[in-house]
Amino acid sequence: MNETLEAAETAETMETAAEPDEQEMPTEEALATLSAAYAKLEAEKQALDNQLLRLQADFDNFRRRTRAEKEEWNQNITANFCGELLPVIDNFGRALLALKASGADESHLQGVEMIARQLGELLIAKGVERIATVGEPFDPQWHEAIGQTPVEDDAQVGIVTEEIQTGYKLGGKLLRVAMVHVGAKQ
């Protein structure tokens, strides 16, 4: 008997669930309110998504900009250091010439040559390049003419004939101009 009673109650519950209650049915007004709320939330979500995308793009730009600034800063430090080292290298070159001219002992000469070579290798390792001079057309961006050399050949006019002081550059940036003599018509 209990089984029959339980079956009857289950059937009644199913019939009640199948018939919609008037209170559970949303009205047109409730649907409109829900639709408006949904549209408002969807618009807010879209605005937040757009804001997130803009912030991500801003952060990516910031990261790129700071990376570029850091690279530029490092290059400027390297350029300043190498620029300050150039007179020292010049003086080692002069010392070598003086030692050779004075007939100094070989061990001193070799020691100074080794230091000069190591300094030159340091510059090369940092990306410093010598500016091409003799036989090249005079370029005021890289050369400073401090004198003229008379030439007979018209093809040699405006061509660097002698280097007085070596010039250097780092990348495309000038560290020191090359002081040169330039060919001029007699």
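List of remarks:
- First in segment 96-109 and closer than 20 Å to Gly120 by Cβ, second anywhere and of a type in the set (A, V, I, L, M) and not in a helix (DSSP H, G or I), Cβ under 9 Å, 6 or more apart: Ala98/Ala104
- Some residue of segment 6-21 being modelled with pLDDT of 85 or more, surrounded by 10 or more Cβ atoms within 10 Å (Cβ to Cβ) and in a helix (DSSP H, G or I): no
- Qualifying residue in segment 134-148 (condition: under 30 Å from Gln186 (Cβ atoms), more than 24 Å from the chain's Cα centre (by Cα) and of a type in the set (Val, Ile, Thr)): yes
- Scanning segment 106-140 for residues that are out of contact with any Leu (no Cβ under 9 Å at 6 or more places or on another chain), over 23 Å from His181 (Cα atoms) and charged (D, E, K, R) yields a total of 3.
- Filter result for Gly120 (surrounded by 15 or more Cβ atoms within 10 Å (Cβ to Cβ), in the same structural domain as Cys82 (by TED's automatic domain parsing) and within 22 Å of Phe81 (Cα to Cα)): yes
- Identity of the residue in segment 59-86, surrounded by 12 or more Cβ atoms within 10 Å (Cβ to Cβ) and of a type in the set (Gly, Ala, Ser), that ends up nearest to the chain's Cα centre (by Cα): Ala79
- One residue from Ala104, Ala95 being modelled with pLDDT under 90 and not assigned by TED's automatic domain parsing to the domain that holds Thr166: Ala104
The values are calculated or read from the model by the stated rules, or taken from the named source; none is laboratory data. All figures in this text were calculated on a predicted structure; none of them were measured in a lab. Neighbour counts run over all protein chains shown; Cβ positions are idealised from the backbone, glycine included.
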